[in-house]
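Chemist: For reference, the structure I am asking about is given below.
Bear in mind that the values in this text are calculations on the coordinates, not laboratory data. The structure displayed is predicted, hence computed values, not measured ones. Cβ placement follows ideal geometry from the backbone for every residue including glycine, while neighbour counts extend to all protein chains displayed.
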There are 2 protein chains.
Amino acid sequence: MELTHLIRTAAKLLETPFLVLDTSCVKENYFRLKNSINNVEIFYAVKANSHSSILETLRDLGSSFDVASKGEIIKLMDIGVSTDKMSFGNTIKKEKDIKFAWENGVEYFAVDSEMEVEKIARNAPGAKVYGRLAMSSNDSEWPLSGKFGTDADHLIDILKYAKRKGLVPYGVSFHVGSQSYNKYKWKEAILTASEVFEKLHKERIDLKMLNLGGGIPVQHTKPVPSVEEIGAIINESVNEYLGWVDGLRVISEPGRSMVGSAGITASRVLLRSRKGTQTWVFLDVGVFHGLMETIENFRYEVVVEGKENSETMTMTLAGPTCDSVDTIYDEIDLPIDIDYSDIVYFINTGAYTNEYATYFNGIEPVKVYTVQELEEMLKGEFLENTERV
Amino acid sequence: MELTHLIRTAAKLLETPFLVLDTSCVKENYFRLKNSINNVEIFYAVKANSHSSILETLRDLGSSFDVASKGEIIKLMDIGVSTDKMSFGNTIKKEKDIKFAWENGVEYFAVDSEMEVEKIARNAPGAKVYGRLAMSSNDSEWPLSGKFGTDADHLIDILKYAKRKGLVPYGVSFHVGSQSYNKYKWKEAILTASEVFEKLHKERIDLKMLNLGGGIPVQHTKPVPSVEEIGAIINESVNEYLGWVDGLRVISEPGRSMVGSAGITASRVLLRSRKGTQTWVFLDVGVFHGLMETIENFRYEVVVEGKENSETMTMTLAGPTCDSVDTIYDEIDLPIDIDYSDIVYFINTGAYTNEYATYFNGIEPVKVYTVQELEEMLKGEFLENTERV
């Protein structure tokens, strides 16, 4: 998403911090992904950003949705999304949420353990389940292994157990890790998934769904493979390893790659100070009000208004709360002349930002505006500017 | 706070997760601190837990309050706390918040930099400022140095600068680090603070306030010094190093030590599963819905209902979201027979829990009940139990 004149004007006039969302980027990301993977069905991972403008945009595009809880199901039902467009992708579900989902028409449920199979069998008899494979995710910025998924042999046992329990073993999912840099990880994962398909086929269990998870990266400060490059590897691997499966459905669950580039956070410098030899810059946004992922050193592109061409110096960048964990980056190169009240933008912060925001220290979570809302709010301003010109 | 029959009954009957708060513990903690430090004035750190039951209890006890933002000031004003009982302790303030505070009667402001002095001088002319010393905090569980405070010489310059800017240099504050294990840290800090008092006295600036910050620990899994032991060291050090200061005010800003022991979190096991050789236990509460401090390996006492005497085994304990950061403890000894739906308590979770909770994954933050609310809700149950007996 471009740092437009509109956003720069808004940052000067409105109270910071705020996050601007541009749903036209979401549309673009949706079509790029659709066009990159053959016959892919997109299940947007609601947890990445559940702002109504994003959910409504994707609903109107005909997207399906990956949900993590009853709360997300209700949010989608409230905007008229049919439950047959939802998949319950969390492998750790409350039993009453499973029941609620099933009774309201959700058909697909993720599993990676025997116990989860039992919970689904009790509450959603006959549901379609897909098993999650664990992947090593050394090449991703936000690894998801360990907590989720299991190995292929265990997964085969789990899906056979699901069948005995009256469920429909339906597919295999994996997740290469959020913000994954190595496109060959998808190839490796599809190969492993195909082994599960094959071994179960020999036991007369025919899986139908390959769920590619998420993990397609968004450009921040490091170069990343494009969705088209990743799509090409996926298409090739699906043909090579799963070409034999009749009526295979290929599902993708993008979160970050759908909305990461659709947001820019605007904040202001509250304080610049010296601590020993280190220069600290404090902003009105921090870890607990929108930038949670920075605690794991997730690196956003940072732009200081009007000082894009200044010489830089290594400083520490922190948020406004009385908590030392609220330090955004211990070391970041910032303009040497960064000063009080300067506007600081975090680019491509549409995913996993406002979703993690708290009211800690009595400070409000980052406000969220759509581009349309900003245009409406700043109408007078633009008129004024035009007249002045 | 004791794991009472009331809480155990509530955990069986109510939806989990929830946090029970017992304001009688807050009262006890207040009086213990009052009685441990000579003439201490208590400014409760609202950020630790801003639940209305806690703020009202402390208001009724005559406590003052350490606030971090305009939001906290308004919350206190709304329950009738006078602004002359508030100190604006955040060293990173929004300028309009300073103005709001000053215009509404807040008199005391923390500083640790020249720029903050300028902001206060512009918006709160004549205000009393206290300078924050940085302390090394190797003996605490949640260190606060680096981000906050500065060295004694710099602080002296800052307080002199404040005077030139028309402010009243009023005192020195420090913070030994949250959950500090070494009682001698307070002695060291008071000695350093006394040097600031002395050097400024020679320049005819007479400070009046010693602000001891917070950091008094709560008992979790390690032995900690008692508030009485810490108080004895503080009294001795104040006499020794600052006995010469006429009309010295001694301030304490307890957060954790006031409310940590006043809360118990109740949750349930959603899933037990095997991942390779490791056993994982997943709860309906996690890092993002109430147990944020565990990401820095903050160790709570964990009790599994009815399995207190079981043999234990090392397992991994995690929360319910689709995020691997939502792992409470990578390694924790849990009952070998812990199972689906078991109730799991986190003891002494009254501080820095609900304050950090989010709606991530569409899951509600931990619910909060007071003991009185639980008693009201479970009245029928108790009656029933009594009749059965």
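Chemist: Treating the point 7 Å from Cα along Cα-beta-carbon as the label, what are the nm separations from B:E364 to the other copies, to one decimal?
Modeler: Between copies, matching label points for B:E364 lie 2.4 nm apart.
Chemist: Rg and Dmax of the range B:1-41, using alpha carbons, in Å: what are they?
Modeler: Over the range B:1-41's Cα set, Rg and Dmax evaluate to 15.1, 45 Å.
Chemist: Next question. Can you pull the mean other chain C-beta count within 10 Å for peptide A:63-69?
Modeler: Mean partner shielding for this stretch: 3.
Chemist: So, one more: Rounded to the nearest Å, what's the spacing between the alpha carbon centres of the range A:66-126 and the range A:15-53? Just the number, please.
Modeler: 22
Chemist: Summarise the partner chain shielding of A:351-360 as one whole number: the mean count of Cβ atoms from other chains within 10 Å of each residue's Cβ.
Modeler: Mean partner-chain Cβ count within 10 Å for A:351-360: 5.
Chemist: Pick from A:I264, A:I336, A:I92: which residue has the top mean-square fluctuation in a GNM of chain A where Cα pairs under 10 Å get a spring?
Modeler: A:I336
Chemist: With respect to the symmetry axis carrying chain B onto chain A, which residue of chain B exhibits the smallest Cβ distance to that axis, and what is the value in whole Å?
Modeler: Residue and rounded Å distance to the axis: B:T358, 3.
Chemist: Then there's this: Only helical DSSP H runs with n ≥ 4 go in: add -39500 (n - 2.57) per run for chain A, normalise by residue count and round the 222 nm mean residue ellipticity to 500 deg cm²/dmol.
Modeler: -10000 deg cm²/dmol
Chemist: Which ³J(HN,Hα) values in Hz, rounded to whole numbers, follow from the phi angles of the range B:186-196 under the Karplus curve 6.51 cos²θ - 1.76 cosθ + 1.60, where θ = phi - 60° and Gly and Pro get x?
Modeler: Listing the rounded values in order: 5, 4, 4, 5, 5, 4, 5, 4, 5, 5, 5 Hz.
Chemist: On to the next question. Please report the equivalent ellipsoid semi-axes of the range A:24-254, computed as sqrt(5 x eigenvalue) of the Cα gyration tensor, largest first, in whole Å.
Modeler: Rounded to whole Å, the semi-axes are 25, 23, 16.
Chemist: Report, for the range A:24-254, the % of DSSP beta bridges that are antiparallel, rounded to 5.
Modeler: 5
Chemist: Taking Cα pairs under 8 Å and at least six residues apart, what relative contact order does the range A:24-254 come out at, in percent?
Modeler: It rounds to 20 percent for the range A:24-254.
Chemist: Let me ask something else about it. Taking amide H positions as placed in the peptide plane 1.01 Å from N, state which residues far from A:R274 in sequence (5 or more) or on other chains have amide H under 5 Å from it.
Modeler: Amide H neighbours of A:R274, under 5 Å, 5+ apart: A:W280.
Chemist: Hey, can you grab everything whose amide H is under 5 Å from the amide H of B:R268? Only 5+ residues off in sequence or another chain; H modelled, so Pro and N-termini drop out.
Modeler: For B:R268, whose amide H was placed from the backbone, the distant partners under 5 Å are B:D284, B:V285, B:V344.
Chemist: While we're looking at this one, here's another question. Restricting to Cα pairs below 8 Å that are 6+ residues apart, what does the relative contact order work out to for chain A? Please round to a whole percent.
Modeler: Reported relative contact order: 20 percent.
Chemist: Could I ask something else about it? May I ask you to sort B:T312, A:T265, A:T16 by Cβ crowding, counting other Cβ atoms within 10 Å and putting the fewest first?
Modeler: B:T312, A:T16, A:T265
Chemist: Follow-up question, since we're still on this one. Distances from B:L13 to the same residue in each other copy, label points 7 Å out along Cα→Cβ, in nm, shortest first?
Modeler: 5.6
Chemist: Okay, moving on. Using each residue's phi in the range A:352-361, evaluate 6.51 cos²θ - 1.76 cosθ + 1.60 at θ = phi - 60° and report the 3J(HN,Hα) Karplus result to the nearest Hz, with x for Gly and Pro.
Modeler: Once θ is set to phi - 60°, the couplings for the range A:352-361 become 6, 10, 4, 5, 9, 6, 10, 9, 4, 6 Hz.
Chemist: Now a separate question. Can you give the % of DSSP beta bridges in chain A that are antiparallel, to the nearest 5?
Modeler: 45
Chemist: Taking the label point as lying 7 angstrom from Cα along the Cα-to-Cβ axis, what are the distances from B:M377 to the corresponding position in the remaining copies, in ascending order and in nanometres?
Modeler: Distances between equivalent label points, in nm: 3.7.
Chemist: If you don't mind, another one. I need the phi-derived Karplus couplings for the range B:282-298: 6.51 cos²θ - 1.76 cosθ + 1.60, θ = phi - 60°, integer Hz, Gly and Pro marked x.
Modeler: Once θ is set to phi - 60°, the couplings for the range B:282-298 become 10, 10, 8, 10, x, 4, 8, 10, x, 10, 4, 5, 5, 5, 9, 6, 5 Hz.
Chemist: Taking only the alpha carbons of the protein assembly as shown, what extent do you get along each of the three principal axes, in Å, biggest first?
Modeler: Over the protein assembly as shown, Cα extents along the principal axes are 89, 85, 40 Å.
Chemist: How far is helix A:52-61 tilted off the main Cα axis of chain A, in degrees rounded to 10, range 0 to 90?
Modeler: 50
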